[in-house]
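What follows is one structure encoded as structure tokens, with my remarks underneath.
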Amino acid sequence: IVALITYIVFVGIKESRNASNIMVILKLAVIFLVIVLGAFYINPDNWSPFTPNGFGGIMKGVSAVFFAYIGFDAVSVLAEESKNPQRDLPRGMILSLVICTIIYILLTLVLTGAVNYRNFDGIGDPLAFIFEPQNLNIGWMQFLVAVVAVVAMTSVLLVFQMGQPRIWMSMSRDGLMPPLFQKIHPKYKTPSFATIVTGLVVGVPILFTDKTFVLDFTSIATLFAFVLVCGGVL
């Protein structure tokens, strides 16, 4: 998947955008289906107590899923390839934040309403899990969600594979990275060397790690990076 994404990002921004749009439409359609279908199986008793682990539990959850909100800053690194960045970038980021926050809340209410929160401990794919035989027992939905989960993860990877080479390209212009990172492909007009390096840096470690480490490391590393950026601005 990482190799395929690297190839798409290498050959052009339009191809990357089109691939991303198709995957996002598909995953949003399935999320909408999960919300609508799951709403019929909600048991309000599963929401009591509403915050079983208190404020501390909420903050632990926030730190664990911090990576869910790191896609929005990736939009900003595509400024040079936007037609009207001063208008389009803020609008795109704000609308994305609002829409995704609403979807997160609705989806969380449906998931925890349909199945008791304790049952999600250690589950890597909660959307498919609620449709398993011991829960709602809807086999075709379990299969559909499991397949689209791969598509959803791929679309997220695609956004970052687009963003990282352009960050390195900008850093190279400022003299913070070797000049090779600002090399633009003569045919595809993309930062070719930086794109290939990104593919290798992302793809190779995945072969030697598990999903728990990847998720935790992504969250805490991104949180740390944001802290550094905020400190730098101050």
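Data table
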quantity: Global size of region 63-174 as Cα Rg and Dmax, reported in angstrom; calculated: 17.9, 56
quantity: Å² per residue, accessible surface of region 116-156 at 1.4 Å; calculated: 56
quantity: Neighbourhood charge, 14 Å Cβ-Cβ cut-off, centred on Leu107 and excluding it, Lys, Arg +1 and Asp, Glu -1; calculated: 0
quantity: Given charges at beta-carbon only (K, R positive; D, E negative), |dipole| of region 25-94 in Debye; calculated: 80
quantity: Heavy-atom surface of region 1-40, accessible at 1.4 Å and reported per residue (Å²); calculated: 59
quantity: Residue-averaged [θ]222 nm for the chain, counting only DSSP H segments that reach four residues, each worth -39500 (n - 2.57); calculated: -23500 deg cm²/dmol
quantity: FRET efficiency, Asn43 to Val227 (Cβ-Cβ, R0 45 Å, nearest 0.05); calculated: 0.70
quantity: Convex hull of Cα atoms in region 170-215, direction-averaged projection (nm²); calculated: 4.3
quantity: Summed residue charge, Cβ within 12 Å of Val145's Cβ, Lys/Arg positive, Asp/Glu negative; calculated: -1
quantity: Span from the region 201-234 Cα centroid across to the region 140-194 one, whole angstrom; calculated: 15
quantity: Rounded FRET efficiency, nearest 0.05, which uses the C-beta distance separating Asn116 from Ser63 and R0 of 25 Å; calculated: 0.65
quantity: Region 1-142 - percent of accessible surface contributed by carbon and sulfur, probe 1.4 Å; calculated: 67
quantity: Dipole in debye (nearest 20) - the chain, about Cα centre, beta carbon charges: Lys, Arg +1; Asp, Glu -1; calculated: 740
quantity: Percent of Cα pairs exceeding the 20 Å cut-off, where the set is region 93-234; calculated: 65
quantity: About the Cα centre, charge dipole magnitude for region 1-126 (Lys/Arg +1, Asp/Glu -1 at Cβ), debye; calculated: 180
quantity: Under 19 Å from the Asn21 label point (7 Å along Cα→beta-carbon), backbone N, region 163-195; calculated: 163
quantity: Cβ crowding within 10 Å averaged over residues, with 140-152, 188-200, 115-127 ranked highest first; calculated: 188-200, 140-152, 115-127
quantity: Local electrostatic count at Asn53 - Lys and Arg +1, Asp and Glu -1, tallied over other residues with Cβ under 13 Å; calculated: +1
quantity: Segment Asp216-Glu80, length gained on full extension (0.36 nm per residue, minus Cα span); calculated: 45.8 nm
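The values are calculated or read from the model by the stated rules, or taken from the named source; none is laboratory data. Predicted model, so just to flag it, every value in this text is computed and none were measured. With ideal geometry, Cβ positions are generated from the backbone for all residues, glycine too; neighbour counts draw on all protein chains shown. Ligands, DNA and RNA are stripped out before the accessible areas are found, and what is left, the full protein with its side chains, is counted by its heavy atoms. Shrake-Rupley method; radii C 1.70, N 1.55, O 1.52, S 1.80 Å.
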